[in-house]
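Right, one structure below, let's go through it.
Throughout, read-outs are computed from the coordinates displayed, never taken from laboratory work. Because the structure is a prediction, the values reported are computed rather than measured. Cβ coordinates were reconstructed from backbone atoms using ideal geometry, including for glycine residues, and neighbour counts include every protein chain displayed.
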Amino acid sequence: MTPAQPSRWQDDPALAGRGLLQRGLLAGWDGCAPTVGDRPAARELAHRPGGRATLLLQRRGPADAGEHDPGSSEVAEQPGGCILKLYSAAQFPAAVAVARAAARHDGLAPRVLGVHYSARALHIERATGVPLDQADPARRQQALDLLGGLIARVHAKPPVQLPPWDALHAVRKLDRWRLRAASVDPASATRARAVVMRLAESFAGIRAGGVGLHGDLSLRNILYDQVRGTVRLVDWDRAARGPAEVDLAPLVGLLGEATERMVNDYRAAGGMVAQDLLADLVLANRLTRALRRLARGEDPVGVGSARVAGLVEGHVPTSR
């Protein structure tokens, strides 16, 4: 029997840096200390058991008085701070390479404040701005109107030290949600199987090489600062070397026609787009989202089934 994965980063034995943080030994390193103090409060932003954890370190406010608990979710929101990422031994070398590659995108990616090899940890600047999944429609569109040229700038950098894009990652993710949805709606899972097989064949034929990708351009990883009129990209953990369409597909898949200017600006800035590959990646993105909503009960079975059927039959909707 496979042992249960730890649900809390504090209990995850794969993360060597967790003990150092709990003893307050990481906070004073590098450029983070002036903004968070010697023993900061920590709020978990993400945790992948056995792989990595992402924490927001902030100066402790009045609500954090008392014994320091870096794992507490009851942390008063404070301005400033920095991001701490803890990694397993397997993921840390690639994370360092990716962090160094991202650092070359001056102004677009958060700065790396420190690399701690014994703790397998990275200190990263906390970027300012509103994530696009929390922005109102007007601000979101303002950011999208800037994105085409910015993504072209990212792709123009030589993909030095980046691992190759995992061409079948999207297919495996799609098939996992297809299998989970089978318990709710077997017909939809069966219907989607043909698409999974076709996409696997299509993606397996992608040639090696490509551009330097961000690798996870979801709305939550795009920050828009309305005051400065700037866009920054965060969470570069999945940066890779691969086809440019990988970075465009999540946004096109979610927002449809609202991204038309973004794609046109990308082309105008010198970016090349293979329309067939973009369409396949968009389909994988949308079908994964539809099956996930079905499996989680976020859509009634009738609605989810119709959504899946429309995607499989090629009637791809332009919005969520």
Problem - Label point distance in nm, residue 225-residue 139, each placed 7 Å from Cα along Cα→Cβ - result: 1.4 nm
Completion exercise
Distance in nm between residue 303 and residue 257 label points, each 7 Å along Cα→Cβ, equals 2.2 nm
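Where does each of 197, 262 land when they are ranked from fewest to most other beta-carbon atoms within 10 angstrom? Don't skip to the end; give the middle numbers.
Working: 197 12, 262 23.
With the sparsest Cβ surroundings first, the list reads 197, 262.
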Problem - Ranked 85, 157, criterion: other C-beta atoms within 10 Å, fewest first - result: 157, 85
Practice task
Pop a pseudo-label 7 angstrom from the Cα along the beta-carbon direction at both residue 161 and residue 97 and give the gap in nm to one decimal.
Solution key: 1.0 nm
Practice task
Let me have the relative contact order for region 71-182, percent, based on Cα pairs under 8 Å that are six or more residues apart.
Solution key: 26 percent
Completion exercise
Taking 92, 203 and counting other beta carbon atoms within 10 angstrom, the fewest-first order is 203, 92
Exercise for the section: Mark the label point 7 Å from the Cα of residue 128 along Cα→Cβ and return the residues of region 212-240 whose backbone N is within less than 11 Å of it. Expected result: 225-230
Completion exercise
Counting sequence-distant residues (5 or more places) and residues on other chains, those with an amide H built under 5 Å from that of residue 114 are 123
Completion exercise
The set of residues whose placed amide H lies less than 5 Å from the amide H of residue 211, leaving out same-chain residues fewer than 5 positions away, is 242, 244
Fill in the blank from the handout: Karplus-derived 3J(HN,Hα) from phi for region 127-136 (6.51 cos²θ - 1.76 cosθ + 1.60, θ = phi - 60°), whole Hz, x at Gly and Pro, runs 6, 9, x, 9, x, 5, 6, 10, 7, 6
Completion exercise
In order over region 214-227: 3J(HN,Hα) from phi, Karplus 6.51/-1.76/1.60, θ = phi - 60°, whole Hz, x for each Gly or Pro, gives 5, x, 8, 7, 7, 4, 5, 9, 10, 9, 10, 9, 5, 5
